[in-house]
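Let me begin by presenting the structure, written as C-alpha cells, before commenting on it.
Derivation of every value follows stated rules applied to the coordinates shown; laboratory data play no part. What you are looking at is a predicted structure, and each value in this text was computed from that prediction instead of being measured. Cβ sites come from the backbone with ideal geometry, for glycine too, and all protein chains shown count toward neighbours.
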Amino acid sequence: MFFLYALGGAVLALAAADRLLPAPLARAALALERKRSGLVAKQGSLPYLEGGCGSEVLLLVHGFAGDKDNFTRIARLLVPHYRVIIPDLPGFGDARRDPNAKHDMATQVENLRTFMAELGVQRFHMGGNSMGGFISAEYASRHPEQVKSLWLLAPAGTEETLDSPAFRQYLAGNGMPLLVPEPGAFDTMMAACMAKAPYFPYSLKHVLARRAVADYTLHCALMKELHASPHLRGPIDTPALIVWGTEDRILSPKGAPATKALLPNARLIMMEGIGHLPMLESTRRAARDFLEFQQSIGSDVS
C-alpha cells in the first residue's frame with residue numbers, strides 16, 4: 001500500500017512540475033525521446049540530430065513551423081537501417097534567425113547542399129514533410145546525382161495543394177494555423193495539423209507555443225516568401241514514395257496525384273483518417289511503408 005501511495009505522490013509531483021517548470025521539463029522530455037531513438041544533437045552549419053549506422057544515409061527535412069524533433073519518434077524505427085540525419089532549417093527550431101536572409105526553396109536547397117558537403121555525404125536518401133517535402137523534391141530536381149530516393153510526406157510544391165482550409169483562409173487575408181500570434185493559437189495549429197495527435201505534455205506545448213509566438217513576425221514574412229516561390233517542376237526521375245493523409249487540412253490531398261504526375265517513378269499511399277503529419281500520427285505504419293518501399297526499389301537496407 002505504501003508503494004501505491006508513493007507512486008501516486010510521484011505522479012502528482014511530476015504533473016505539478018510539468019505545469020510549474022515547463023522549460024526544464026520540456027528539455028528533459030525531448031532529451032529522453034532523442035535518447036530512446038538513438039539520436040545525438042550536433043552542430044554544423046545547421047543544428048542537427050544524428051543516429052544509426054550503416055552505409056545508407058537518410059536526410060530528413062521538417063516542414064514550416066516544425067523542427068528536427070518532428071522526426072525524432074519515427075527515427076527510432078529507422079536508425080537500425082540508416083544513418084539518420086535531421087537538421088533544423090534556418091528560421092526554425094534551434095537554427096539561426098535572420099530576417100534579412102532568404103528562405104525560398106532554392107536557398108534552402110543550397111543550405112542543405114552545403115550542410116551535407118560539410119558532413120562528407122555525397123549520396124543519400126531524402127525525406128521531407130510539407131515544406132520539407134517540397135525542398136527535398138527540389139533538391140532532387142537540382143542535384144539528381146546526389147539523391148537516391150525521395151520520401152515525400154504531404155509535400156508542398158503544386159497549385160493543387162493550396163486548395164485547403166488553411167490556405168483558403170490565408171489567401172483571404174485571415175491568417176492561417178501555422179502562424180501563431182498568441183499562445184492560445186498553438187492548440188488551434190496542432191488541431192489543424194493532426195487528425196490523430198499523439199500525447200504532448202503541457203510543458204512541451206507551452207515551450208513550443210512561446211517559440212511560435214516569438215517567431216510570428218519572421219514566419220509571416222517567410223510564408224509570403226515561400227508562397228511566392230515557383231511551383232515544383234517535373235519530371236523528377238528519382239524513385240519516390242509520396243504519402244498523404246486524407247484528412248490533411250494544411251495542404252490538400254488533391255496535391256497527391258498532382259505531385260505524382262511530376263515524379264514518373266513515384267508510388268502514392270493515401271492514409272485514411274490521417275492529417276498533415278503522418279510521421280507523428282501513424283508512426284509505425286509510416287516507417288513500415290517507407291522500409292517496404294526501399295526494399296522494393298532494391299535499396300541496400302538490412
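A simple packing score, the average count of other Cβ atoms within 10 Å per residue, orders the peptides 97-108, 60-71, 128-139 as 128-139, 60-71, 97-108, with the highest score first. Students often get this wrong, so try it: which of (1) 19.6; (2) 16.9; (3) 16.2 is mean projected area of the Cα convex hull in nm² as calculated from the structure shown? Checked against the structure: label (3). If you count Lys pairs in the stretch 24-296 whose Cα atoms are under 30 Å apart, skipping same-chain pairs closer than 8 places in sequence, the total is 29. Backbone amide hydrogens, once placed in the peptide plane, bring residue 267 within less than 5 Å of 240, 241, 242, excluding anything fewer than 5 places away on its chain. Sequence-distant contacts, meaning Cα pairs under 8 Å at least 6 residues apart, place the relative contact order of the chain at 18 percent.
Under 5 Å between amide hydrogens, built in the peptide plane, is the criterion, and for residue 148 it picks out 124, 125, 126 among residues at least 5 positions away or on other chains. Backbone phi angles across the stretch 203-218, fed through the Karplus curve with coefficients 6.51, -1.76 and 1.60 (θ = phi - 60°), yield HN-Hα couplings of 4, 5, 4, 4, 5, 5, 5, 4, 5, 4, 5, 4, 8, 4, 4, 4 Hz in residue order; Gly and Pro are listed as x. Taking packing as the residue-averaged number of other Cβ atoms within 10 angstrom, the listed peptides 22-28, 86-92, 246-252 run from highest to lowest as 86-92, 246-252, 22-28. Each peptide in 256-262, 208-214 gets a packing score, the mean of other Cβ atoms within 10 Å over its residues, and the list from highest to lowest is 256-262, 208-214.
For 48, 202, the sequence from fewest to most other C-beta atoms within 10 Å is 202, 48. In the chain, the DSSP-assigned H stretches of four residues or longer account for a calculated mean residue ellipticity at 222 nm of -13000 deg cm²/dmol, using -39500 (n - 2.57) per stretch and the full residue count as denominator.
Each DSSP beta bridge with both residues in the chain is either parallel or antiparallel, and the antiparallel ones are about 30%.
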